[in-house]
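Below is one structure; the comments refer to it alone.
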Amino acid sequence: MARLSRGWILVFCQIEAAMLWRIQLEAGGAVYKRCCIWVKPDGMPQYSGDRPGMGYETFVACHAQGRSKWNGGGKHGVFIFNKGENGGLPNDHETQKPLKLIKQLIQLFSNVGNTILDPFIGSGTTLRAAKDLGRKAIGIEIEEKYCEIAAKRLGQEVLNLRDD
């Protein structure tokens, strides 16, 4: 990712893996900028009751060599979205992100005309958001069933861009 990117690299991971991603991305030439967080108000409880539930997910934000710029100004790297905020899309993957979250990240970390690479497309939320927001996108997925879901999702009409 670090060798291909000319801009931002965002990697969703558990907090325990954030440092490992940072080390690998820096080894590839990227510059670590921040660990951000997606707060999930409707996250799943810990049914066993033996530890706290996970009400958040982290993502590592790195940038290609050179000056970094994002469209968020001084905004914090904390994003609060319910898992179910999918703009009417079904939940077709166990780690599917909310469409509204991904749209906001694309708006903040890229510009119209940029190309977004998602090496783990799952159900295609990132590709769908990129299409809706005027970005080009490349997706990679190893499982055929998810490729079919993503292709169907991309064939749908452009979804509502409003944030409400």
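The values are calculated or read from the model by the stated rules, or taken from the named source; none is laboratory data. All values reported here derive from a predicted model rather than from experimental measurement. Using ideal geometry, Cβ is built from the backbone for each residue, glycine included, and neighbour counts are taken over all protein chains shown. The protein model used for the area step is the full one, side chains on, heavy atoms only, and it has no ligands, DNA or RNA in it. Shrake-Rupley method; radii C 1.70, N 1.55, O 1.52, S 1.80 Å.
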- Ignoring ligands and nucleic acids, Arg153 exposes an accessible area, probe 1.4 Å, in Å² to the nearest 10, of 10
- How much of Ser68 can a 1.4 Å solvent probe reach, expressed as accessible area in Å² and rounded to 10? 40
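Strictly over 25 Å apart at the Cα level, which of Lys33/Lys152; Lys40/Lys75; Lys40/Lys145; Lys97/Lys152; Lys33/Lys75; Lys97/Lys131 would you flag in this model? Walk me through the numbers before you get to the answer.
Details: Lys33/Lys152 35 Å; Lys40/Lys75 18 Å; Lys40/Lys145 27 Å; Lys97/Lys152 17 Å; Lys33/Lys75 14 Å; Lys97/Lys131 16 Å.
Among Lys33/Lys152; Lys40/Lys75; Lys40/Lys145; Lys97/Lys152; Lys33/Lys75; Lys97/Lys131, the Cα-Cα distance tops 25 Å for Lys33/Lys152; Lys40/Lys145.
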- In the Gaussian network model of the chain, springs joining C-alpha atoms below 10 Å, which of Thr95, Thr115, Thr125 carries the largest mean-square fluctuation? Thr95
- Within the accessible area of the chain, what % is carbon and sulfur when the probe is 1.4 Å and the other protein chains stay in place? 54
- Query: Given H placed on each backbone N at 1.01 Å, which residues far from Tyr56 in sequence or on other chains put an amide H within less than 5 Å of it?
  - Reply: Lys40
- Task: List the residues whose amide H sits under 5 Å from the amide H of Gly7, counting only those 5 or more places along or on another chain, with H placed 1.01 Å from N in the peptide plane.
- Result: Ala64
- With springs only between Cα atoms under 10 Å apart, run a GNM on the chain and tell me which of Gly74, Gly124, Gly49 wobbles the most. Gly49
- About the Cα centre of the chain, how large is the charge dipole given +1 on each Lys and Arg Cβ and -1 on each Asp and Glu Cβ? Please answer in debye to the nearest 20. 780
- Task: Write down the percent of antiparallel bridges among all DSSP beta bridges whose residues are both part of the chain, to the nearest 5.
- Result: 65
- Reported label for calculated percent of Cα pairs over 21 Å apart given (i) 49; (ii) 53; (iii) 45: (i)
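In Å², what does the accessible area per residue of the chain work out to with a 1.4 Å probe? Could you put the intermediate results ahead of the total?
Details: 9910 Å² over 164 residues.
Result: 60 Å² per residue.
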- Query: How are the Cα pair distances of segment 71-122 distributed, in percent, across 5 Å bins from 0?
  - Reply: 4, 17, 25, 23, 21, 9, 1
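Could you order Lys75, Lys136 by accessible surface area, starting with the largest, using a probe radius of 1.4 Å?
Working: Lys75 75, Lys136 125 Å².
Result of the area sort, largest leading: Lys136, Lys75.
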- Message: Using the Cα centre of the chain as origin and beta-carbon charges of +1 (Lys, Arg) and -1 (Asp, Glu), tell me which of Asn82, Trp21, Ser48 is placed farthest towards the positive end of the dipole.
- Response: Trp21
